[in-house]
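Some notes on the structure that comes next.
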């Protein structure tokens, strides 16, 4: 049985649908009692659910024979005062899952990491620099490196999935890609953007989900007491400016794009990011969506949902 965290979120809900569609996996999902379940309301009866804020997490491992964990749950901490929530979710809860996995003979832990952890370097730590999504990035970084340093003592296989800039139609409206598409489709007068010179590996959600499924299909290749790292993305860098112009062209919007006039990049923002996906490709995975196809897919689904 697979234990999936973050199943009510963007990545987790898309992954859950595919796991259930393949019909070869039994899935139990962790959520909180008051979680927003709108993304999965139609499939909630197709799997098991566990409210981690009501019942002791160890009871889940006693009740089900968990063989693999896919850890998608995270807290970004974009609002002030969320520091402890970020630490509890991204570090304490994650370590608790690893502890219980080792105790109850769960062999595989698939972790969802972020390309933003590339921002971390010694100079940042020594000088107490704060970066974009500071607590989120640092807690994700600490967790994976703690496991990396102690994997020999853990009776499990840890597979780290470093995700590039993923996007899709069912993501939150305030997320950059959806916000940009909605703004341009509405033909508002203008949108304020940074200079747009930072590059990202824009990766459509279906390709990300298929990367996880590829790992699951090849679990026999991975060894216990080993740490594996995969970078999940198209392998192509595109600047934010070029991405925005691509959306503008596809939507045929008359909105004016204002780059760097009033909006500045975050201090220490990562300027370049691109996945080295060759190792994952050798396992049989290949991204299917380029930027144009991904944007058109988002627009198609958005339009369908509006009908």
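The values are calculated or read from the model by the stated rules, or taken from the named source; none is laboratory data. Keep in mind the model is a prediction, meaning the values are calculated, not measured. Cβ sites come from the backbone with ideal geometry, for glycine too, and all protein chains shown count toward neighbours.
When the residues of the range 129-169 are filtered to those that are assigned to a helix (DSSP H, G or I) and more than 20 Å from the chain's Cα centre (by Cα), the one that is surrounded by the most Cβ atoms within 10 Å (Cβ to Cβ) is 151.
The number of residues in the range 18-29 being in contact with a helix residue (DSSP H, G or I) (Cβ under 7 Å, 6 or more places away or on another chain) and more than 10 Å from residue 47 (Cα to Cα) comes to 1.
The one condition from (1) more than 24 Å from residue 247 (Cα to Cα); (2) in the same structural domain as residue 193 (by TED's automatic domain parsing) that residue 179 does not meet is (1).
Among 248, 226, 252, which is under 23 Å from the mean Cα position of the chain (by Cα) and either within 17 Å of residue 183 (Cα to Cα) or modelled with pLDDT of 95 or more (or both)? Can you show your working first?
Values: 248 fails: under 23 Å from the mean Cα position of the chain (by Cα); 252 fails: under 23 Å from the mean Cα position of the chain (by Cα).
So the residue among 248, 226, 252 that is under 23 Å from the mean Cα position of the chain (by Cα) and either within 17 Å of residue 183 (Cα to Cα) or modelled with pLDDT of 95 or more (or both) is 226.
Please find, among 305, 225, the residue that is out of contact with any strand residue (DSSP E or B) (no Cβ under 7 Å at 6 or more places or on another chain) and closer than 20 Å to residue 171 by Cβ. Spell out the reasoning first.
On the way: 225 fails: closer than 20 Å to residue 171 by Cβ.
It is 305.
Taken over the range 170-185, the criterion of being over 20 Å from residue 263 (Cα atoms) and either without any contact (Cβ under 8 Å) to a residue 40 or more places away in the chain or surrounded by 14 or more Cβ atoms within 10 Å (Cβ to Cβ) (or both) is satisfied by 170, 171, 185.
Would you confirm, using the coordinates I've provided, whether residue 132 is out of contact with any strand residue (DSSP E or B) (no Cβ under 8 Å at 6 or more places or on another chain) and either in contact (Cβ under 8 Å) with a residue 12 or more places away in the chain or assigned by TED's automatic domain parsing to the domain that holds residue 292 (or both)? Considered against the rule, which asks whether it is out of contact with any strand residue (DSSP E or B) (no Cβ under 8 Å at 6 or more places or on another chain) and either in contact (Cβ under 8 Å) with a residue 12 or more places away in the chain or assigned by TED's automatic domain parsing to the domain that holds residue 292 (or both), residue 132 comes out as yes.
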